[in-house]
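The block underneath contains the structure these notes are about, expressed in structure tokens.
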There are 2 protein chains.
Amino acid sequence: MRDHLFRALADPTRRKIVELLAVKDRTAGELAEEFPIAFASVSHHLGVLKNAGLVAVEREGQHMRYRLNTTVFQDMARYLVKTFSGGTDA
Amino acid sequence: MRDHLFRALADPTRRKIVELLAVKDRTAGELAEEFPIAFASVSHHLGVLKNAGLVAVEREGQHMRYRLNTTVFQDMARYLVKTFSGGTDA
DNA sequence: ACAATATTGAGATGATTATCTAAATATCTC
DNA sequence: GAGATATTTAGATAATCATCTCAATATTGT
């Protein structure tokens with residue numbers, strides 16, 4: 001369950017997407033322009049991030065607007081803090 | 001550079017290893033017993049974690065004792081907090 | 001409804017990776 | 001030093017994954 005989360009952030013392109021979205025929301029096209037790979041490939045990465053719950057998407061006319069889901073990041077950060085501090089509970 | 005870190009935690013077996021080490025230090029053999037895969041495979045995972053700086057290892061007689069490197073986890077947690085909070089600096 | 005734009009889905013391919021078995025290395029005990 | 005135990009390395013294989021191209025879907029404007 002947390003597997004999707006870590007797996008999603010394991011790819012540098014997807015981390016870059018997340019970092020871009022942290023600054024401001026963007027459409028799929030705006031995001032795709034930032035990378036030297038095919039639009040379809042960026043779309044695939046967006047799908048992975050969405051599936052992991054890291055981003056949310058909403059149609060906006062012809063565009064699809066992506067935004068960060070900060071809640072999930074907090075959950076992840078909490079997991080890390082709990083783990084490195086030798087936490088005993090889940 | 002941070003790539004090794006996220007990549008290392010992308011695998012569920014390695015996350016389990018980290019969680020076990022968070023409770024207490026263990027030798028390679030003690031860790032390997034916790035998993036249904038071959039010892040050599042666990043050894044491989046330990047190598048990945050060590051390479052990512054997430055664990056440290058020290059010889060202890062015939063055994064190799066692994067322990068968690070909490071510093072790196074803090075770095076990772078810091079990155080997440082900075083990112084989800086819309087951080088502008090690296 | 002048609003043409004244009006934006007985005008995603010499908011299928012293929014090359015690279016990475018998790019796992020295995022078997023061999024190699026290191027330490028301990030006798 | 002020989003044998004036993006602990007761990008890693010090497011080489012092979014199957015699965016996963018990032019990327020590509022091309023086709024499909026959705027929306028807009030005329």
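The values are calculated or read from the model by the stated rules, or taken from the named source; none is laboratory data. Predicted, not measured: the structure shown is a model, and the values here were computed from it. As a convention, Cβ positions derive from the backbone with ideal geometry for all residues, glycine included, and neighbour counts pool all protein chains shown.
Kindly evaluate A:A22 against the criterion of being within 13 Å of DNA strand C (Cβ to nearest atom) and of a type in the set (A, V, I, L, M).
no
B:K82 is checked against (1) charged (D, E, K, R); (2) more than 9 Å from every other protein chain (Cβ to nearest Cβ); (3) more than 11 Å from DNA strand C (Cβ to nearest atom) and fails just one. What number does that condition carry?
Here B:K82 clears every test but (2).
Give the number of residues within region A:1-13 that are over 9 Å from A:A52 (Cβ atoms) and more than 9 Å from chain B (Cβ to nearest Cβ).
Counting residues in region A:1-13 that are over 9 Å from A:A52 (Cβ atoms) and more than 9 Å from chain B (Cβ to nearest Cβ) gives 2.
Which fully enclosed helices (runs of 4 or more DSSP H) of region A:2-89 have 1 or more residues being surrounded by fewer than 18 Cβ atoms within 10 Å (Cβ to Cβ) and of a type in the set (A, V, I, L, M, F, W, C)?
A:12-23, A:28-32, A:39-51, A:70-84
Quick grid of which residues meet (1) among the basic types (K, R); (2) over 30 Å from A:T70 (Cβ atoms); (3) within 11 Å of DNA strand D (Cβ to nearest atom); (4) over 13 Å from the mean Cα position of the chain (by Cα):
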position	(1), (2), (3), (4)
B:F6	no, no, yes, no
B:V18	no, no, no, no
B:G47	no, yes, yes, no
B:N51	no, yes, yes, no
B:V55	no, no, yes, no
B:Q62	no, yes, yes, yes
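Quick test for you: out of B:T70, B:T13, pick the one residue that is at pLDDT below 95 and within 12 Å of the chain's Cα centre (by Cα). Outline the logic, then answer.
Values: B:T13 fails: at pLDDT below 95.
Step by step, each of B:T70, B:T13 is checked, and only B:T70 is at pLDDT below 95 and within 12 Å of the chain's Cα centre (by Cα).
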